1. Return yes or no: is residue 436 open to solvent by less than 60 Å² (accessible area, probe 1.4 Å), of a type in the set (Val, Ile, Thr) and within 26 Å of the chain's Cα centre (by Cα)?
2. Can you name the residue in the stretch 432-460 that is in contact with a Lys or Arg (Cβ under 7 Å, 6 or more places away or on another chain) and among the small types (Gly, Ala, Ser) and is also nearest to residue 293 (Cα to Cα) among such residues?
3. Please go through the stretch 510-525 and pick out each residue that is surrounded by fewer than 19 Cβ atoms within 10 Å (Cβ to Cβ) and at pLDDT 85 or above.
4. Got at least one residue in the stretch 335-344 being part of a helix (DSSP H, G or I) and crowded, with 17+ Cβ neighbours inside 10 Å?
5. If a residue must be of a type in the set (A, V, I, L, M, F, W, C) and under 20 Å from residue 212 (Cα atoms), how many such residues does the stretch 1-42 contain?
6. Considering only the stretch 117-132, state which residues are farther than 13 Å from residue 79 by Cα and either open to solvent by 60 Å² or more (accessible area, probe 1.4 Å) or touching a Pro at 6+ places or on another chain (Cβ under 6 Å) (or both).
7. Pairs under 7 Å by beta carbon, first residue of a type in the set (A, V, I, L, M, F, W, C) in the stretch 556-567, partner open to solvent by 80 Å² or more (accessible area, probe 1.4 Å), six or more apart or different chains?
8. Hey, does the stretch 316-328 have a residue that's under 14 Å from residue 402 (Cα atoms), at pLDDT below 90 and open to solvent by 20 Å² or more (accessible area, probe 1.4 Å)?
Amino acid sequence: MKNIEKVHEKILQILLDYRKNYSDFTFQLRQKPPKRLIEGKWFTGNENYIFVGFYKVGCKDNKTKTMGFVCVEDVQYFEIVYRNIAGITKNEEDFYLEVIEFLKELPFKQIEQKDERKVWFYFQNNDLEKNLLYTLDNIKPKIDELLRKYNLWERYVSSDEEFIKMLNKIENYKNNQQVREEVVQVKTKNIILYGPPGVGKTHNYQRLISMIESAEDEKTIFDVVTNNESSEAVELNQELYKEIEKQKRVEFITFHQSYSYEDFIEGFRPTEDGNIKLEDGIFKILAQKALNNQKAAQQKHITFDEAYDILRTRFIENELEQLQTVRGINIIINEFADRFLKVISEGAKNEQYIKKSDLESVTEAILQNQVQKPVDIKNLNVKKDTISLAGYYFPIGNMIASIMSQNNSHVEEQNYYIVIDEINRGNISKIFGELITLIEEDKRDFYAVTLPYSKEKFIAPSNLYIIATMNSTDKSIATIDIALRRRFTFLKMQPNAHLVVNEEAKRLMLYLNEYIEKRLGKDFLLGHSYFMGENLDLEFIKEYKIRPLLEEYFYSDDSLDIDKLLYGVEDVL
């Protein structure tokens, strides 16, 4: 939605003006995350829609009972969500049914049953103010009347004191520039989620990332993840995670015994023509993206890589200006590759290779006025052959620096994430190599190493997070490198029976875990995810999910009768 912040402000002013005439009128305002409030998004929603809630409704399983006005682009509708939600009472369901029957009598353009728990009532036109006022004058009074009829008023309607508190927080963000500029940073950059199978390690890395992006404080994030808590804010931020994926700021990989440094950082790979080629690994590629973003945000112009690509496009399309040495000799580019340029000066016999990595160093130095003529290149931390070819590097670097300066870019610094599943299954020392030092929080942005294959300088930027998962029942956990243990923060996740809605499944989970904990310890408990889901087939789960785990856990224990353990729960309880 274009100018979504202005739409938020317009809606807020309409509602506040309405409150001047009706002093007991209250509505719901966003209270977190700080990042959204800093952006001026006063109501819940995402980049494409705004939800204006009039009632404070929600429940423990992270689903929400909602009634509110929705704005999507130039379309508005009234939304009802109420069915198949844990904790909803018969009284509440009757209330929602009566609300829906009332709404069906109103002159809506269209009524759309999205699914068994969601109904949308589309307004006749696309006039935002008119439709919002119609909601306040014709829909909300009847809903308020029904709330009193079903004795739900106090549970659903915010008091004036609660509303003033919400409004003060919004006003604080609107008027206090210091608050608006304050962004909460998660200092811990390397995190491992570990625990027994089924506790949601793989699922929770998405929650972790979305909460970091939402600028939640570190303690809140860690508490929510380790306790497997349900949170309405986290539910809303799943949209944010999808947006991060679209922007290609997150990469997911799995470590295994064959995974190597060459896969992770850089290494030589065979090509189709039978040769070998140096290729960057996934961590190096993502780290470079994060570093480029960091530089662009600081310098307010496009990155070297972007300028390099512009120059390459001009070369391909024969639109490249004539390059010359400082002595006026023409430079001809014969090849423009990902990692190098192949050039020759007019009248010369031999081609020369201009390496992209050193060209970047020269270009950055030109932008910082550290290099004003070819001879200045000798003062940089570059290779000897680069210094000997300074007559080529200087004019090409000058041209790229000019492209960067001419193309302003208002870039916001963003976070990047590499997610490593089953980190303990890989040979950590072999995979990380010399980078094990660079990933420490206090060495980010400052310390650099020279990579063994490319000989390039490498820095681990502070806007790159490493998030890993690890199964606590896996015997390979004992062999984890002590260096890794010291550099990562470990968040232990435990099963949470409160997330299991089915009472029979919950009883089975608690009984089995009590038995397993006595015999093997907490690291072998069964996670709640085994016992969750709609239309739960408990017999199938027992036979094909839990039995194989128990057989593995108690492989050498002939005294254990697994059938009795699985099917004798009722007798025991």
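1. Spelling it out, residue 436 is indeed open to solvent by less than 60 Å² (accessible area, probe 1.4 Å), of a type in the set (Val, Ile, Thr) and within 26 Å of the chain's Cα centre (by Cα).
2. 460
3. Step one: of the stretch 510-525, the residues surrounded by fewer than 19 Cβ atoms within 10 Å (Cβ to Cβ) are 510-511, 514-515, 517-523.
Of everything in the stretch 510-525, those that are surrounded by fewer than 19 Cβ atoms within 10 Å (Cβ to Cβ) and at pLDDT 85 or above turn out to be 510, 511, 514, 515, 517, 518, 519, 520, 521, 522.
4. No, the stretch 335-344 contains no residue that is part of a helix (DSSP H, G or I) and crowded, with 17+ Cβ neighbours inside 10 Å.
5. Keep residues of the stretch 1-42 that are of a type in the set (A, V, I, L, M, F, W, C), which gives 1, 4, 7, 11-12, 14-16, 25, 27, 29, 37-38, 42.
Cutting the leftovers down to under 20 Å from residue 212 (Cα atoms) gives us 37-38, 42.
Of the residues in the stretch 1-42, 3 are of a type in the set (A, V, I, L, M, F, W, C) and under 20 Å from residue 212 (Cα atoms).
6. 124, 126, 127, 129, 130
7. As it stands, the answer is 562/551, since those pairs meet every condition given.
8. Yes, that holds for at least one residue.
The values are calculated or read from the model by the stated rules, or taken from the named source; none is laboratory data. In this text the structure is predicted, and so the values were computed from the model without any measurement. Glycine also receives a Cβ, built like all others from the backbone with ideal geometry; neighbour counts cover every protein chain displayed. For the accessible areas, the whole protein counts, side chains as well, though only heavy atoms, and no ligand, DNA or RNA atoms are used. Shrake-Rupley method; radii C 1.70, N 1.55, O 1.52, S 1.80 Å.
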